[in-house]
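Trainee: Got a structure here, written out as structure tokens. Questions coming.
Derivation of every value follows stated rules applied to the coordinates shown; laboratory data play no part. Since the model is a prediction, treat every value here as computed from it, not as a measurement. Methodologically, a virtual Cβ is constructed for each residue, glycine included, from the backbone with ideal geometry; neighbour enumeration extends over all protein chains shown.
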Amino acid sequence: MPAPSAEGEPRPEDALASARVQLAAGRPDAAIVALEAALVDAAPGRELWALLGDAYVLTGRTRDAVTAYGRAVALAGAADPGALVVDLGDAMLAEGDRTRARALWSSHLERFPAGPTASTVASRLAALSAQLGEDATAERLWRFVLDRTPDAPASATALTELGRRLLARHAWADATALFAPFADGTRGHLAEIALVGAMHARAGEARWDLVRELVARYRRAFPDGPRAAEVDVLAAAAEGHGAR
């Protein structure tokens, strides 16, 4: 039970500390009890609402999580709510409310295009747009991620999805142009995606000499790469076409 304050009432910071202990121990229900008690006894802050949202998600109470995260985001006022807007949108999606999630994330990107979670929000919104069949919007958002935050983890998904769509359309030159800047190994998390994607693009153009060069580069950079089997297939195809 939270220790009382000088006035004899539980302090929100004690409820937060207790809830964190309970969550770390895998007891989200106990965390909810502590946090909900604090809602009654004191004016809750953004951190309390956010942690309550986390606990609700862990217990499958996604509707309550939407409310809790929404309160936390509202308390941010005009400031960037950061990762909270990702959590809120995810909870909305878990409730099946894609319309509200899309509106939330679109508004956030308009307000904070250079914010710390902009690439994550853009990636989430791109995936949602793709699910809704809005391919042009999805591709625009994935390009936003690559252009603005190429070092962010979300950029790997962006490069993969953009490349996959270009290759599916047989847009070989566009695919080559997309992959080329990332194939030099400067950004390790993108280099493997770019090298393999470039191989497929060059194979589509029947530029087997360039496929062989890319295979050699891949094997030097990623001797035990997770896509080695795929590269072996491309290498065999290139060898089958001789020196052409």
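Trainee: Given a Förster radius of 25 Å and the C-beta distance between R148 and A76 as r, what FRET efficiency does 1/(1 + (r/R0)^6) yield to the nearest 0.05? If you can, show how the numbers build up before the last one.
Mentor: Numbers: r = 22 Å, r/R0 = 0.86.
My answer for the efficiency is 0.70.
Trainee: Name the most mobile residue of R212, R98, R220, meaning the one with the largest mean-square fluctuation, in a Gaussian network model of the chain with Cα contacts below 10 Å.
Mentor: R220
Trainee: Still on this structure, please answer the following. Whole angstrom only: what separates the Cα centroid of the stretch 118-158 from the Cα centroid of the stretch 202-226?
Mentor: Taking the Cα centre of the stretch 202-226 as reference, the centre of the stretch 118-158 is 27 Å away.
Trainee: Can you give me the Rg/Rh ratio for the chain, using Cα atoms for both radii and the Kirkwood formula for Rh? Please list the in-between numbers first.
Mentor: Working: Rg = 23.9 Å, Rh = 20.8 Å.
On the Cα set of the chain, Rg over Rh gives 1.15.
Trainee: Something else: Just to verify a number: FRET efficiency for R219 and A136, C-beta to C-beta distance, R0 = 30 Å, to 0.05?
Mentor: It comes out at approximately 0.25.
Trainee: Something else now. Give me the dipole magnitude in Debye, nearest 20, for the chain about the Cα centre, with unit charges on the beta carbon: positive for Lys and Arg, negative for Asp and Glu. Write out the running numbers ahead of the final one.
Mentor: On the way: 27 positive and 32 negative charges, 173 e Å.
Result for the chain is approximately 840 debye, rounded to the nearest 20.
Trainee: In the chain, if the dipole is taken from +1 on Lys/Arg beta carbons and -1 on Asp/Glu beta carbons about the Cα centre, which of A221, V40, V85 is farthest to the positive end?
Mentor: A221
Trainee: Using per-residue counts of other Cβ atoms within 10 Å, averaged over each peptide, order 116-127, 18-29 from highest down.
Mentor: Sorting 116-127, 18-29 by mean packing, highest first, produces 116-127, 18-29.
Trainee: Let me ask something additional. What number do you get for the stretch 170-244 when its Cα radius of gyration is normalised by 2.2 N^0.38 Å, N = residues?
Mentor: 1.00
Trainee: For the stretch 1-131, just the Cα atoms, rotate onto the principal axes and tell me the three extents in Å, largest first.
Mentor: Here the spans come out as 51, 29, 21 Å, largest first.
Trainee: With +1 assigned to the C-beta of every Lys and Arg and -1 to the C-beta of every Asp and Glu, and no other charges, what is the dipole magnitude of the stretch 170-244 about the Cα centre in debye, to the nearest 20?
Mentor: 120 debye
Trainee: Follow-up question, since we're still on this one. On alpha carbon coordinates alone, what is the Rg over Rh value for the stretch 119-244, Rh being the Kirkwood radius?
Mentor: Dividing the radius of gyration by the Kirkwood radius yields 1.00.
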